[in-house]
Amino acid sequence: MGSELTSHRTGSGLVEDRTGGFTLIELMVVVAVLSVLAVGAGLVASRSGKSAATTDLQRFERHIQTARAQALQGRQVHGLFVTTRGFQPTVETVDGWANSQRETRWRGRVTLQLGAPRQGPKTPHIVLLPDGRVSPFTLLFAPDGSRRIVCRSDGSAGMSCGQG
């Protein structure tokens, strides 16, 4: 690797020349490996500064804001199924609730407390209506940890999150 051996015939016999350097394929492999390592290091560095509760909160806030905007703009009921493993966005159709994405997993421990009973086992835990209302809930991020974060919705004023 790295050097090329060429030979040619002259009048006095066979002459060998070595030219130093790397082939294009070798350079491309090195660049690809370095790219993968850089992406991996970037992901580790971006996650290391945040707690699991903070990361879970940010992801949940982003999903609920998106679902609320979609409900308002599309005039269609959206929801979130919330479990101890994670949460999954869903949308109401004429045939019932259809999961619109795969489940997003929690990194830490999360506990949901509903402010009103669900309308059935197939109804999402959190329902977002086209008029802007959200079903009442309290979501505790890292409830046993020293840095507990709480998100609440009373059903009409949206959602507020903070240290709790």
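The values are calculated or read from the model by the stated rules, or taken from the named source; none is laboratory data. What you see is a predicted model; the values in this text were computed from it and never measured. Heads up, the Cβs are rebuilt from the backbone with ideal geometry, glycines too, and the neighbour counts pull from every protein chain shown.
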Report summary line: Given (1) surrounded by 10 or more Cβ atoms within 10 Å (Cβ to Cβ); (2) at pLDDT 80 or above, GLN73 misses just (1)
Query raised in the report: Name the residues in the range 130-164 that are under 29 Å from GLY74 (Cα atoms) and in a loop (DSSP other than H, G, I, E, B), would you?
Result: PRO130, ASP131, GLY132, ARG133, SER135, PRO136, ASP154, GLY155, SER156, ALA157, GLY158
Report summary line: Condition set modelled with pLDDT under 85 and among the charged types (D, E, K, R), scope the range 39-68, selection surrounded by the fewest Cβ atoms within 10 Å (Cβ to Cβ): answer is ARG47
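Of all residues in the range 76-99, which are surrounded by fewer than 14 Cβ atoms within 10 Å (Cβ to Cβ) and either polar (S, T, N, Q) or in contact (Cβ under 8 Å) with a residue 60 or more places away in the chain (or both)?
Here is the first cut: in the range 76-99, the residues surrounded by fewer than 14 Cβ atoms within 10 Å (Cβ to Cβ) are 83-85, 93-96, 98-99.
Residues satisfying the conditions are THR83, THR84, THR93, ASN99.
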Requested in this report: Please indicate, with yes or no, whether at least one residue in the range 141-164 is within 23 Å of the chain's Cα centre (by Cα), assigned by TED's automatic domain parsing to the domain that holds ASP56 and farther than 22 Å from THR54 by Cα.
Outcome: no
Requested in this report: Could you tell me which residue of the range 100-129 is nearest to the chain's Cα centre (by Cα), considering only residues that are of a type outside the set (Lys, Arg), part of a loop (DSSP other than H, G, I, E, B) and buried (at least 16 other Cβ atoms within 10 Å of the Cβ)?
Outcome: TRP106
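Take ARG118 and tell me if it is touching a His at 6+ places or on another chain (Cβ under 7 Å) and more than 16 Å from HIS63 (Cβ to Cβ). Break it down into steps so the answer makes sense when it comes.
On the way: touching a His at 6+ places or on another chain (Cβ under 7 Å): yes; more than 16 Å from HIS63 (Cβ to Cβ): yes.
Criteria met by ARG118.
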Query raised in the report: So which residues in the range 136-164 are of a type in the set (Asp, Glu) and at pLDDT below 80?
Result: ASP144
